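Chemist: Have a look at this one.
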Amino acid sequence: MYTTKSYQMRSVNYKLLLITTLLVLFLTASCTPRESQVDSQEVAEEKNKEKFTTPEAKQDAKFVTDAVASSLAQVRLADLALLKSRDQEIKSIASHVKNEHAMLLADLTTYATEHVITIPLTETEEVRKRILKLENETDQFNKKWCNEVLTLHKESIESLDIANERVADS
């Protein structure tokens, strides 16, 4: 049978094991980068650089990752307007933007899958910060939202113009 001293030692060992396990879990969680600290596009681009060897394949992958990140940003921005705006015209535009970019994302994802291109899962950190700032906007939300949509579209068009000159599989 167990003696009182043996039982106490066993109890202390279990407590020590529990405390150690909790400490390891806490340290692991606190050292792991959070989603907001990781730029999904940068991760995808690094994986694609390792994966592809020809300049053309690298450029194709870069174009796809840029386009996916841009569309993810547009969808997130549209969702924000659908939640926050009270203006029906803004909501209508946001719904249209969301639908168009969701379809584009589906096409880009199919293309990326067929060509083994790693794509981002979220918008870039820079855009995420801009959207977060817009989420906190109260007075001029609709105006600032329209400006942000316009800015993102201009950035996408510039990126498309540059990529059009370089992409091999158009």
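The values are calculated or read from the model by the stated rules, or taken from the named source; none is laboratory data. Predicted model, so just to flag it, every value in this text is computed and none were measured. Glycine gets a Cβ as well: all are built from the backbone with ideal geometry, and neighbour counts include every protein chain shown. Quick note on the areas: whole protein, heavy atoms, side chains included, nothing else; ligands and nucleic acids left out. Shrake-Rupley method; radii C 1.70, N 1.55, O 1.52, S 1.80 Å.
Chemist: Looking at the stretch 53-69 only, could you name the residues that are in contact (Cβ under 8 Å) with a residue 12 or more places away in the chain and either assigned to a loop (DSSP other than H, G, I, E, B) or of a type in the set (Lys, Arg) (or both)?
Modeler: First, pick out the residues of the stretch 53-69 that are in contact (Cβ under 8 Å) with a residue 12 or more places away in the chain: 56-57, 59-69.
Of everything in the stretch 53-69, just one residue is in contact (Cβ under 8 Å) with a residue 12 or more places away in the chain and either assigned to a loop (DSSP other than H, G, I, E, B) or of a type in the set (Lys, Arg) (or both), namely Lys62.
Chemist: Being open to solvent by 20 Å² or more (accessible area, probe 1.4 Å) and among the hydrophobic types (A, V, I, L, M, F, W, C) is the filter here, so list the residues in the stretch 50-66 that pass it.
Modeler: Selection gives Phe52, Ala57, Phe63.
Chemist: Before we move on, is Leu82 aliphatic (A, V, I, L, M) and open to solvent by 40 Å² or more (accessible area, probe 1.4 Å)?
Modeler: yes
Chemist: Those residues that are free of Cβ contacts under 8 Å to residues at least 24 places away in the same chain, open to solvent by 60 Å² or more (accessible area, probe 1.4 Å) and either of a type in the set (Ser, Thr, Tyr) or not in a helix (DSSP H, G or I) (or both), I need them from the stretch 117-150; list them, please.
Modeler: Of everything in the stretch 117-150, those that are free of Cβ contacts under 8 Å to residues at least 24 places away in the same chain, open to solvent by 60 Å² or more (accessible area, probe 1.4 Å) and either of a type in the set (Ser, Thr, Tyr) or not in a helix (DSSP H, G or I) (or both) turn out to be Asn136, Thr138, Asp139, Gln140.
Chemist: If you don't mind, another one. Report yes if some residue within the stretch 13-21 is modelled with pLDDT of 90 or more and open to solvent by 100 Å² or more (accessible area, probe 1.4 Å); otherwise report no. Spell out how you get there, then give the answer.
Modeler: If we filter the stretch 13-21 for residues that are modelled with pLDDT of 90 or more, which is where we start, we get none.
No, the stretch 13-21 contains no residue that is modelled with pLDDT of 90 or more and open to solvent by 100 Å² or more (accessible area, probe 1.4 Å).
Chemist: Taking the stretch 99-116 only, how many residues are open to solvent by 70 Å² or more (accessible area, probe 1.4 Å) and closer than 11 Å to Arg76 by Cβ?
Modeler: 0
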